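These notes are about the structure you will find just below.
The values are calculated or read from the model by the stated rules, or taken from the named source; none is laboratory data. Here the structure is a predicted model, which is why all the values come from computation and not from measurement. Neighbour counts are summed over all protein chains in view; Cβ atoms, including those assigned to glycine, are modelled from backbone coordinates with ideal geometry. Each accessible area value is taken on the protein alone, full model and side chains, heavy atoms only, with ligands, DNA and RNA left out. Shrake-Rupley method; radii C 1.70, N 1.55, O 1.52, S 1.80 Å.
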Amino acid sequence: MLDATPQAGSPRSEPLLSAVSISKRYGDFLANDRIDLDLFPAEIHALLGENGAGKSTLVKVMYGLIQPSGGELRWMAKKVVLSGPSEARALGIGMVFQHFTLFENLTVAENVALGLPSTESFAAISERREKTARVYGLPLEPKREVWRLSGGERQRIEIVRALLQNPKLLILDEPTSVLTPQEADLLFVVLERLKSEGRAVLYISHKLEEVKRLCDTATILRGGKKVLTCNPRRETAASLARMMVGGEVGEVKAASGRSVARPRLVVDKLSLAPDDPHGTYLEEVSLAVCGGEVVGIAGVSGNGQDELFAALSGERRAPAQAAIVIDGKPAGLLGVTERRRMGAAFVPEERLGHGTAPRMKLSENALLTGHAASGMVKKGFIDKLATLVHVDRTTKSFDVRKAKRDPEAVSLSGGNLQKFVVGREILREPGVLVVSQPTWGVDAGAAAVIRQALIDLAGRGAAVLVISQDLDELAEIADRIAVMFHGRLSAPLDAAEATREKLGLLMGGARPERAAEEQGTKHAIGA
Amino acid sequence: MPETLINIFHLIFSESFILTVVTASTPLLLASSGELVVERSGVLNLGVEGMMIVGAACGFAGAWTSGSILVGALFGVVAGAALSGVFGILTLGLAVNQVATGLALTIFGVGLSGLIGAKFVGERIVPASHLHLPVLTDIPGVGRILFGEDPFVYVSVALLIGIWLFLYRSRSGLVLRAVGDNHASAHALGYPVLRIRMLAVLFGGGCAGLAGAYLPLAYTPFFIPGMTSGRGWIALALVVFASWRPGRLVIGAYLFGAVSILGLALQPLQLGIPQQVMNMLPYLATVVVLVLISRTRGTAGSAAPASLGSVFVPDR
């Protein structure tokens, strides 16, 4: 069993793990620049920072996955060199990764066993697994293959696997990004319990409210450097955000005087089998997006959003012409180019590889989506100048920062490339825009620019459909929000009545009427 | 016409036909068993044909020089493993593209085997003797099929059972499957991805070498250049056919063995089908089966190891 000795009696005694002046250099790029960090027993420590601030690099060093270029780690005041994760685990460091380190085609039990030393028998592991799962309230289905499981269930496997090693320090990398708000609450209960058992928890996040609620200490990184360590409960979300970003974050203003006109994008009972064996079936998805409004689709990833995007964009054809209607014309059987000619535009989730060809220049990438309807092709020949003009216009309107006029797509930072990809479509003034995860992995400044542009596009009469996992984002820009779960789409809720709680229940698969009921009961208990 | 069908029926279930099928299937089973392990670890080695033919040349050389079939077989195993070692160093150590390297390995192997085998062409050896158990082998009908085969046949069956036990009943097998499924995760958990893959590649090479050696040591008692005649490619297709499962591999190997013998066996019946068409049968069957598999893939779920063929470079 887990027999960590509670050390809550002697707080702030001695750090369990200290990172002393850790640096990590990749070529010219300093991912970590002399970072100091002390982790204490019985403490939940937040590591805050934007994408690219160096959080993941730092924890990989702490877990022995990569070697620091400078500085050292001290475990209970003694210098240690971790040449691999197994050494970190032997010390008592456990880790739950953001992109899970699970094996999709293996069962839950096999996945758990793989995380443990080979000296223990399979039967003994099973017994301990059951016990841990029960004690911490993390139920698992050992015989199921991982690819059948949701993000929350996968995370449970990772946590149980880490706990079976009885770690003194547990590192969690962005653990709530795959969870519904309710699942996140359950996770927090587990983490509080680990803390009360005297374990140290390092919690990586960029969600400020979460950190304020859960964490005792927060260390903020920016651009590979440590900004400071503070008590997050004494800070406001705004002050933490300022420290993360290093300046004020622009606020998104709702467009005024928008009139919702006729529906411009209609999906009617769209059912579609996935082409990937691990994909999700779309089941009778229906939706109408009117000109002048932004509709959001929330949901934990892997519930059919990718399949829906592919069906809307025409990457996969719908079974019937009438299943998708763009501006009054049936388009279900048409391809991507034909749909673009009808005034639709699409921004997929992955900006490198799907949204752009990484090694092609921006002008060439502009041509890739603009060739059908933007006058960049004349009599079968590319009008090079027109493509460059398009790049220049996008650059100017969306503040895309780049080293030269027409660089390769891959050389841009995530935020700048995303501004380019979104801007490329918006400048064509589409009547219908479908965009997936518009600000995923984008710094706060760029995110604000993109969100404002989406709202403004709707303000000019376009129908905008945003697929996003980020509830805060949807609350900020969407007029109506629908939730995707297991390939089904709920009826959209007006943004005003779409509380986190309601959406969270829908994201977890509750049916709307039941969601309302459960909420009722909850309030009754609360009162 | 019905008479012809009855004749074919009699032929297919005759002892002599089944015995020939077993000998034709054994090299396919040996080579594809090894490749199955390699691909389960996430490596695609297209050099099976090359390793087989080098195994055949070295196996014959070993047996001819020493006069022992066992020594010959060991030569074949070592030669196949050595060649796959080159493949492993290139694709795992230096992260070279696996498809290109595998193809190059086959071309290289064909040339090398010609060089090694040149002075043995025209020589003969005494082929591997068949098992003979006093009473059992003499049971009419099944005796010779079950208890009168050459030792390679029993080795191939034992090997396959061993692979099944290893993959599904041992921890090391679980780790191997994990590495093939997601090498990044296996690395993050602290498993030595490249070392595990190297061992799998060497094992696969040894199996291919043994499969090649079977041809001059038991199938025909002499060596001719190019005597593997595409069996390595069929072995590769068999792994896909079996959807990376050892159980299905047996069925596939014996099915293909039967198809390849059928043309020869039907010759005396004078069916009026050109011999060239009959010779095409195993290859046509390969293509047809692969097409059928990819058509049913959508519903059955892909069994391919998820990192198959992708290069892994640990970030440090």
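For this structure, a couple of remarks:
- Tabulated pairs, segment A:433-445, first over 27 Å from A:Val266 (Cβ atoms), second crowded, with 20+ Cβ neighbours inside 10 Å and among the charged types (D, E, K, R), C-beta under 6 angstrom, 6+ apart or interchain: A:Asp443/A:Glu50
- Of note, B:Ala82 satisfies the criterion of being out of contact with any Pro (no Cβ under 6 Å at 6 or more places or on another chain) and in a helix (DSSP H, G or I).
- Residue match in segment B:150-158 (condition: under 22 Å from B:Ala218 (Cα atoms), assigned to a loop (DSSP other than H, G, I, E, B) and open to solvent by less than 70 Å² (accessible area, probe 1.4 Å)): yes
- Evaluated against (1) open to solvent by less than 10 Å² (accessible area, probe 1.4 Å); (2) at the interface with another protein chain (Cβ under 10 Å from one of its Cβ atoms), A:Met62 falls short on exactly one condition, (2).
- Filtered residue count, segment B:119-145, keeping only those that are hydroxyl-bearing (Ser, Thr, Tyr) and under 30 Å from B:Ala57 (Cα atoms): 1
- Elements of type helices (runs of 4 or more DSSP H) contained in segment A:345-457, each with 2 or more residues being open to solvent by 30 Å² or more (accessible area, probe 1.4 Å): A:362-370, A:384-398
- Subset of segment A:85-133 that is of a type in the set (S, T, N, Q) and more than 30 Å from A:Leu39 (Cβ to Cβ) - its residue that is surrounded by the fewest Cβ atoms within 10 Å (Cβ to Cβ): A:Ser121
- Residue-level check: of (1) over 27 Å from A:Leu16 (Cβ atoms); (2) surrounded by fewer than 22 Cβ atoms within 10 Å (Cβ to Cβ); (3) out of contact with any Gly (no Cβ under 9 Å at 6 or more places or on another chain), A:Ser150 misses just (3).
- Total residues in segment A:69-101 satisfying the condition of being out of contact with any Leu (no Cβ under 9 Å at 6 or more places or on another chain), within 14 Å of chain B (Cβ to nearest Cβ) and over 26 Å from A:Gly152 (Cα atoms): the figure is 3.
- Pairs are defined by a Cβ separation below 7 Å, a sequence spacing of at least 6 or placement on different chains, a first member in segment A:70-84 that is free of Cβ contacts under 8 Å to residues at least 12 places away in the same chain, and a second member that is exposed (fewer than 13 other Cβ atoms within 10 Å of the Cβ) and in a loop (DSSP other than H, G, I, E, B); no pair meets this definition.
Let's see how each residue does on (1) farther than 23 Å from B:Ala200 by Cα; (2) touching a residue at least 12 places away in the same chain (Cβ under 8 Å):
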site: B:Ser68; (1), (2): yes, no
site: B:Phe75; (1), (2): no, yes
site: B:Gln98; (1), (2): no, yes
site: B:Ile107; (1), (2): no, yes
site: B:Phe120; (1), (2): yes, yes
site: B:Leu133; (1), (2): yes, yes
site: B:Asp150; (1), (2): yes, yes
site: B:Val153; (1), (2): no, yes
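- Residue in segment B:293-303 that is outside any helix (DSSP H, G or I) and over 19 Å from B:Val38 (Cβ atoms) present: yes
- Residue satisfying all of: in segment B:138-149; over 18 Å from B:Thr26 (Cβ atoms) and in a helix (DSSP H, G or I); least open to solvent (accessible area, probe 1.4 Å) among these: B:Gly143
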